[in-house]
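Written below as structure tokens is the structure these notes are about.
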Amino acid sequence: MNQNSSVAATILQDAAQQNYPVSALYVLATPIGNVCDISLRGLHLLSIADAVACEDTRNTSQLLQRYGLSRPLLATHEHNEREAAAKIIERLHAGQRVALVSDAGTPAVSDPGARVVDAVRAAGLRVIPLPGASAAITALSASGLTDERFHFVGFLPAKTRQRETALQELVELPAALVFYEAPHRIVETVQSLLQVFGPQRQVVLARELTKLFEDIHRCPLGEAPDWLAQDANRQRGEFVILVEGAPVTEGDGAEAERVLRILLAELPVRQAAALAAQITGVKKNALYDRALAIRQGAQEDEEAGEDEDDA
């Protein structure tokens, strides 16, 4: 056994020795593309689960086969969640472990699963999350967008007017916006983003994340339609779209300054900046720098006053 195999065996052994309570629903994140992006804890849970509740039994069966596993599968999709939840709860009452998975990523995040989790909790049974892949977080981590907050939207309405109405409600939000989109609507959605947010906002088009043809492109929104049109392959695959948050307006800055000065009268610089950011939505780093300047200015004024008294 080589060193790498020895390390893997040791980690798998650690995963096996952890606690996996019975009568519990395990919300298990599966890979969004690359089959290696599953946790060792997740793999072990799949090997001991009494059943796997899944969005598409064919997809999950193929995934389990890649790991050399075979478990009973329970179809649990958006059209049968209530009925599936009842069957899952019955199994949990019988002392079983049930894993809940979606076709890719984390269940119940723009995927089926939320109703099942809600029903299991209402029945007084345990829900245990096993974290892992998420398309939204994967895209954000590689985007370079510096917004301190993000707002997850998921899929927008398919019809143009409804989509643009939904986007209008997000125009002034000072947080990076996260959308999911299918390939057959990517061009229309980008046009709507451009129409509502204008050409200057930065957009990130992340497609086929973790897969062979992964592509993460960032540009001003005004350039995005041309970039998509230049190569038909750029319109293929499942998309995560990120749009940078609204810039802080002059009015917002004045309000942030007022709030910051009030807080500085009672709190240390770092704490005052953090609270002011939460209250106003202005970036914490900018408020921290401003707080330092205000505090330094106050100290200089105080020292100048002492010099005048001495004179």
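Using heavy atoms of the protein chains and a probe of 1.4 Å, the accessible area assigned to ASP37 is about 70 Å². Expressed as a whole percent, the accessible area of region 36-105 that falls on carbon and sulfur atoms is 45 (1.4 Å probe). Dipole size of region 106-166 about its Cα centre, with +1 on Lys/Arg Cβ and -1 on Asp/Glu Cβ: approximately 240 debye, rounded to the nearest 20. Evaluated at q = 0.12, 0.16 Å⁻¹, the base-10 log of the normalised Debye intensity for the chain, with identical point scatterers placed on the Cα atoms, takes the values -0.96, -1.21.
The residues neighbouring VAL269, those whose beta-carbon lies less than 14 Å from its own, together hold a net charge of +3 under the Lys/Arg +1, Asp/Glu -1 convention. Each of GLY297, ASN19, LEU228 was scored by the projection of its Cα onto the charge dipole of the chain, and the greatest displacement toward the positive side belongs to ASN19; charges sit on the C-beta of Lys, Arg, Asp and Glu. The dipole here belongs to the chain: it is taken about the Cα centre, uses +1 on the Cβ of Lys and Arg and -1 on the Cβ of Asp and Glu, and is about 2300 debye. The mean of 1/r over all distinct Cα pairs in region 64-202, once inverted, gives the Kirkwood hydrodynamic radius of 17.8 Å. Under 5 Å from the amide H of ALA53 lie the amide H atoms of LEU74, ALA99, LEU100, VAL101, each residue being 5 or more positions distant or on a separate chain, with H modelled from the backbone and absent for Pro and chain starts. Using the average count of surrounding beta-carbon atoms within 10 Å as a protection proxy, the listed peptides 262-269, 69-76 rank, highest first, as 69-76, 262-269.
If R0 is taken as 41 Å, the Cβ-Cβ distance between ARG82 and GLN296 corresponds to a FRET efficiency of 0.10. Rolling a 1.4 angstrom probe over the protein heavy atoms with all chains in place gives region 1-124 an accessible area of 53 Å² per residue. Specify the longest stretch of the chain that does not include any exposed loop site, a site being one of the trypsin sites (Lys or Arg not before Pro) with a non-H, G, I, E, B DSSP assignment and at most 15 other Cβ atoms within 10 Å. Between the exposed loop sites, the longest stretch runs 1-148.
When shorter helices are ignored and each DSSP H run of at least 4 residues is given -39500 (n - 2.57), the per-residue value for the chain at 222 nm works out to -14500 deg cm²/dmol.
The values are calculated or read from the model by the stated rules, or taken from the named source; none is laboratory data. Just so we're clear, the structure is a prediction, and the values are computed from it rather than from any experiment. Neighbour counts are summed over all protein chains in view; Cβ atoms, including those assigned to glycine, are modelled from backbone coordinates with ideal geometry. We work out accessible area using only protein heavy atoms, side chains counted, and drop any ligands, DNA or RNA first. Shrake-Rupley method; radii C 1.70, N 1.55, O 1.52, S 1.80 Å.
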